[in-house]
Amino acid sequence: MFLDGLKSKFMLALGACILGTSVAAADYPTRDIRLIVPWPAGGGADAISRKISNIAEQELPKSIYVENIAGAVTATGLIQMTNARPDGHTVGVLTYDSVITLPRGQMVPGYGLENMELIARITSEADAIVVSKHSGINSFEELIEKAKANPGQVRLGVAPKGSGPYLSANQLEKLLDVDFNVITYVGASSAEAEALLSGELDAAISSLGDFSGIIESGDAKGVIELTSVQNMTYTDVPTISSKGYDLQTGSFIVLAAPKGTPEDAVATLEAAFKSAYDSEEFQSWLAQIGVTPDWLGSDGVNAWVEELQTNTFALMDELGL
């Protein structure tokens, strides 16, 4: 009798637990969702994350708020994300450095994509070369001419060593047979934009979208995009393939949650962000800033990341990086 009673209490408790979990899943989200952007405010990744989350929260009963936690080439913010409770209320933004630079260099203990549930890729952006109005350079041809005439003197800003723009600079030097004064900046494109404004840099590599503000103000000018596909927003910026060179580099925005986040929560997040992605408001805004929409859901983003890592690491091996 005692054992039967104990068993009954156990089964009731277990049933209550299961019911509670089901109710919790059905009620998700139960509080505001924290979206960690691992770059300072003001850059391209920050702007895209804020825009799409403002639209996505309209599909949810709770708000999504952005928190900028920069440092260690995105690792500081993303480790906070992976260490958060895996209940769907914390999401992180991954960029090229999160997927390539950090895993390649094994730079930060405790950081790894294996600690994340990838939700979706939102955008992809080709790298571009943007020149400062102080540089006196007005075209891709003038940039090459000046670099060849002044080896090691043309100041080219890029993200830290191992980043996509850093690799692009190395590839460009080999492709064009030039020698730039490559200067690395921590703090994403916002730091490079300030350096272009002040004349500290002659040129910088990042996406046109990242530099949209200073391009529109006339303080900088896009002279080439490292792709074969013409940017329909910046139609005056030629592709490098149109100049007879084969080079395609760039970054992207991927959303992720901590490993172990319930499938229902991941599905809810994916659906909310996909609805925001498809909205006329978001698509029009991307076109205005020159960023390419490039959705890939949870069913394909993992395979895409694995292929990207394989190909990029092979290139790094070839370049000795």
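A few remarks follow.
- Segment Q153..E263, full-extension length gain: 34.3 nm, with 0.36 nm per residue of separation and the alpha-carbon distance subtracted.
- Taking all protein chains into account, the per residue accessible area for region 171-299 stands at 43 Å² (1.4 Å probe).
- For region 285-292, 3J(HN,Hα) per residue [Karplus equation, 6.51 cos²θ - 1.76 cosθ + 1.60, θ = phi - 60°, Hz, x = Gly/Pro]: 5, 4, 5, 5, 9, x, 9, 8
- Sulfur and carbon atoms: percent of accessible area, region 81-236 [1.4 Å]: 46
- Cut-off under 5 Å, modelled amide H: who pairs with S279 long-range: none
- Compared with the dominant Cα axis of the chain, that is its longest principal axis, helix 44-56 is turned about 40°.
- Farthest toward positive dipole pole in the chain [+1 Lys/Arg, -1 Asp/Glu at C-beta], among P86, A204, I240: P86
- A simple charge model with +1 on the Cβ of Lys and Arg, -1 on the Cβ of Asp and Glu and nothing else charged puts the dipole of region 215-321 at about 220 debye relative to its Cα centre.
- Rg over Rh for region 78-183 works out to 1.11, using Cα positions for both radii and the Kirkwood form for Rh.
- Accessible area per residue, Å², region 72-127 with all protein chains present, probe 1.4 Å: 33
- Highest average first, the peptides 303-311, 134-142, 263-271, 202-210 ordered by how many other beta carbon atoms sit within 10 Å of their residues are 202-210, 263-271, 134-142, 303-311.
- Largest GNM mean-square fluctuation across A256, A149, A47, computed for the chain with C-alpha springs under 10 Å, falls on A149.
- Using Cβ point charges alone (K and R +1, D and E -1), the dipole size of the chain about the Cα centre works out to roughly 780 debye.
- HN-Hα J in Hz across region 297-313 - Karplus 6.51, -1.76, 1.60, θ = phi - 60°, x for Gly and Pro: x, 5, 6, x, 5, 5, 5, 5, 5, 4, 5, 4, 4, 4, 5, 6, 5
- Close amide H contacts of I224 (hydrogens built in the peptide plane, cut-off under 5 Å, sequence separation of 5 or more or a different chain): I129.
- Helix 140-149 vs. the chain, principal-axis angle (Cα, 0 to 90°, nearest 10): 60
- Note on the chain: Cα convex hull, mean projected area over all directions, 18.3 nm².
- Length available on full extension from D236 to E306: 0.36 nm per residue minus the Cα-Cα distance, which gives 21.8 nm.
- Dipole of the chain [Lys/Arg +1, Asp/Glu -1 at C-beta], most positive-end residue of G164, M107, S284: M107
- The alpha-carbon positions of region 247-321 define a convex hull whose volume is 123 Å³ per residue.
- Two-site label geometry, K161 and L321: point separation in nm, points 7 Å out along Cα→Cβ: 1.2
- Region 40-139 - charge dipole about Cα centre, Lys and Arg +1 at Cβ, Asp and Glu -1, debye rounded to 20: 200
- Relative contact order, whole percent, for region 196-242 stands at 28, derived from Cα pairs under 8 Å and 6 or more residues apart.
- Cα Rg, Dmax, region 194-305, angstrom units: 17.3, 50
- Between the amide H of T123 and those of I253, D294, distances stay under 5 Å, these residues lying 5 or more places away or on another chain, with hydrogens modeled in the peptide plane.
- Selected from Y96, A314, G260, residue furthest toward positive end of dipole (the chain; charges at beta carbon): G260
The values are calculated or read from the model by the stated rules, or taken from the named source; none is laboratory data. Remember, predicted model here, so these are calculated numbers, not experimental data. Because the Cβ atoms are built from the backbone with ideal geometry, glycine has one as well, and the counts that use them run over all protein chains shown. Remember, those area values only see protein heavy atoms, side chains included, never the ligands or the DNA or RNA. Shrake-Rupley method; radii C 1.70, N 1.55, O 1.52, S 1.80 Å.
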